[in-house]
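To start, the structure under review is shown below, and the notes come after it.
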Amino acid sequence: MYTDYLKKLFCYLEETKVYDREKNPCRDYEEAIQRLVDLFSEMKENGKQVFFIGNGGSAAIASHMTADFMKNGGMKTYSLYDNSVTTCMGNDYGYEYIFSRPLEFLGNEGDLLVAVSSSGNSQNIVNAIQAAQKKRMKIITLSGFQKENRIIGMGMYNIHVPVSHYGMVESIHNLILQQIVDVIMDRDGECL
């Protein structure tokens with residue numbers, strides 16, 4: 001009975017697709033992960049910043065990955081989750097700008113934004129992606145639920161988990177990001 005959950009998780013992982021900006025899917029999981037590893041490796045080699053953002057459970061993933069990509073991946077990551085900054089942005093500009101306003105100050109051309117949103121429809125995530133586009137940053141989106149969500153074509157790479165179940169979507173987003181940083185750590189060795 002309980003193994004059915006894992007069977008479903010593996011099934012949805014197999015159905016997960018990575019699309020480019022024109023919504024063309026990668027050939028398979030191997031190609032998708034290799035492209036993502038290459039992009040993060042480029043960020044590391046060029047000393048670019050990587051910003052992870054998300055709401056709710058996706059915020060926890062973003063915060064976790066900020067730490068892992070810094071410590072284990074040896075990358076310059078920056079957390080947009082400082083309580084004072086978040087509440088300041090929310091209070092002064094509105095919740096929909098809690099990520100975009102800091103990115104306007106901190107983001108630079110060639111940096112990377114990793115936007116995690118289970119639904120792919122959160123206005124604050126959309127605004128952050130638009131701010132990153134204006135800065136000529138590179139963007140990866142991770143979403144789930146409906147394929148025709150608002151962020152699925154906004155990134156250089158767009159990861160989509162085709163299920164309307166928060167736990168499944170969040171678990172797969174976390175797993176994919178964890179795999180990427182683990183591949184980089186295994187290749188380059190521990191950074192700290």
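The values are calculated or read from the model by the stated rules, or taken from the named source; none is laboratory data. Predicted, not measured: the structure shown is a model, and the values here were computed from it. For neighbour counting, all protein chains shown are included, and Cβ atoms are generated from backbone atoms with ideal geometry for every residue, glycine included.
Evaluate the stretch 174-188: report whether one residue or more is over 22 Å from residue 75 (Cα atoms), surrounded by 18 or more Cβ atoms within 10 Å (Cβ to Cβ) and polar (S, T, N, Q). Outline the logic, then answer.
So the first thing to find is which residues in the stretch 174-188 are over 22 Å from residue 75 (Cα atoms), and the list is none.
No - not one qualifying residue is present in the stretch 174-188.
When both residues are 6+ apart or on different chains and their Cβ atoms are under 8 Å apart, which pairs have a first residue that lies in the stretch 61-80 and is crowded, with 21+ Cβ neighbours inside 10 Å, and a second that is of a type in the set (Lys, Arg)?
What qualifies is 73/44; 75/44.
Being surrounded by fewer than 19 Cβ atoms within 10 Å (Cβ to Cβ) and either touching a strand residue (DSSP E or B) at 6+ places or on another chain (Cβ under 6 Å) or under 25 Å from residue 45 (Cα atoms) (or both) is the filter here; which residues of the stretch 101-126 pass it? So that I can check it myself, show each step before the final result.
Just the residues of the stretch 101-126 that are surrounded by fewer than 19 Cβ atoms within 10 Å (Cβ to Cβ), to begin with: 104-106, 108-110, 119, 121, 123.
Scanning the stretch 101-126 gives 104, 105, 106, 108, 109, 110.
Residue check, residue 98 against (1) surrounded by fewer than 16 Cβ atoms within 10 Å (Cβ to Cβ); (2) modelled with pLDDT of 95 or more, all met but one. Which one?
(1)
Specify which of the listed residues (55, 108) is within 15 Å of the chain's Cα centre (by Cα) and of a type outside the set (A, V, I, L, M).
Details: 108 fails: within 15 Å of the chain's Cα centre (by Cα).
Of 55, 108, the one residue that is within 15 Å of the chain's Cα centre (by Cα) and of a type outside the set (A, V, I, L, M) is 55.
Give just the number: which of (1) in contact with a Lys or Arg (Cβ under 9 Å, 6 or more places away or on another chain); (2) among the small types (Gly, Ala, Ser); (3) within 26 Å of residue 7 (Cβ to Cβ); (4) assigned to a loop (DSSP other than H, G, I, E, B) does residue 143 not satisfy?
(4)
Looking at the stretch 179-192, which of its residues are part of a helix (DSSP H, G or I) and either within 15 Å of residue 57 (Cα to Cα) or not polar (S, T, N, Q) (or both)?
Residues of the stretch 179-192 that are part of a helix (DSSP H, G or I), as a first pass: 179-188.
Result: 180, 181, 182, 183, 184, 185, 186, 187, 188.
Can you spot a residue in the stretch 145-168 that is surrounded by fewer than 22 Cβ atoms within 10 Å (Cβ to Cβ), at pLDDT below 95 and basic (Lys, Arg)?
Scanning the stretch 145-168 turns up at least one residue that is surrounded by fewer than 22 Cβ atoms within 10 Å (Cβ to Cβ), at pLDDT below 95 and basic (Lys, Arg).
Could you tell me which of the residues 78, 2 is at pLDDT below 95 and touching a helix residue (DSSP H, G or I) at 6+ places or on another chain (Cβ under 8 Å)?
Values: 2 fails: touching a helix residue (DSSP H, G or I) at 6+ places or on another chain (Cβ under 8 Å).
Of 78, 2, the one residue that is at pLDDT below 95 and touching a helix residue (DSSP H, G or I) at 6+ places or on another chain (Cβ under 8 Å) is 78.
Report every pair of residues separated by at least 6 positions or lying on different chains whose Cβ atoms are under 7 Å apart, first residue within the stretch 151-165 and in a loop (DSSP other than H, G, I, E, B), second buried (at least 16 other Cβ atoms within 10 Å of the Cβ) and among the small types (Gly, Ala, Ser).
Matching pairs, first to second residue: 151/115; 151/117; 151/120; 151/143; 152/120; 152/143; 163/144.
Looking only at the stretch 134-192, count how many residues are under 20 Å from residue 66 (Cβ atoms) and within 12 Å of the chain's Cα centre (by Cα).
Going through the stretch 134-192 one residue at a time, the tally reaches 20.
Within the stretch 127-137, does at least one residue satisfy the condition of being surrounded by 15 or more Cβ atoms within 10 Å (Cβ to Cβ), basic (Lys, Arg) and closer than 28 Å to residue 161 by Cβ? Even if it seems obvious, please write down each step before you answer.
From the stretch 127-137, those surrounded by 15 or more Cβ atoms within 10 Å (Cβ to Cβ) are 127-129, 131-132, 135, 137; that's our starting set.
Checking the rest, the ones that are also basic (Lys, Arg) come to 135.
Then drop every residue that is not closer than 28 Å to residue 161 by Cβ, which leaves 135.
Scanning the stretch 127-137 turns up at least one residue that is surrounded by 15 or more Cβ atoms within 10 Å (Cβ to Cβ), basic (Lys, Arg) and closer than 28 Å to residue 161 by Cβ.
Do you know which residues across the stretch 10-50 are more than 19 Å from residue 170 (Cβ to Cβ), part of a strand (DSSP E or B) and in contact (Cβ under 8 Å) with a residue 40 or more places away in the chain?
Hits for the stretch 10-50 are 19, 20, 49, 50.
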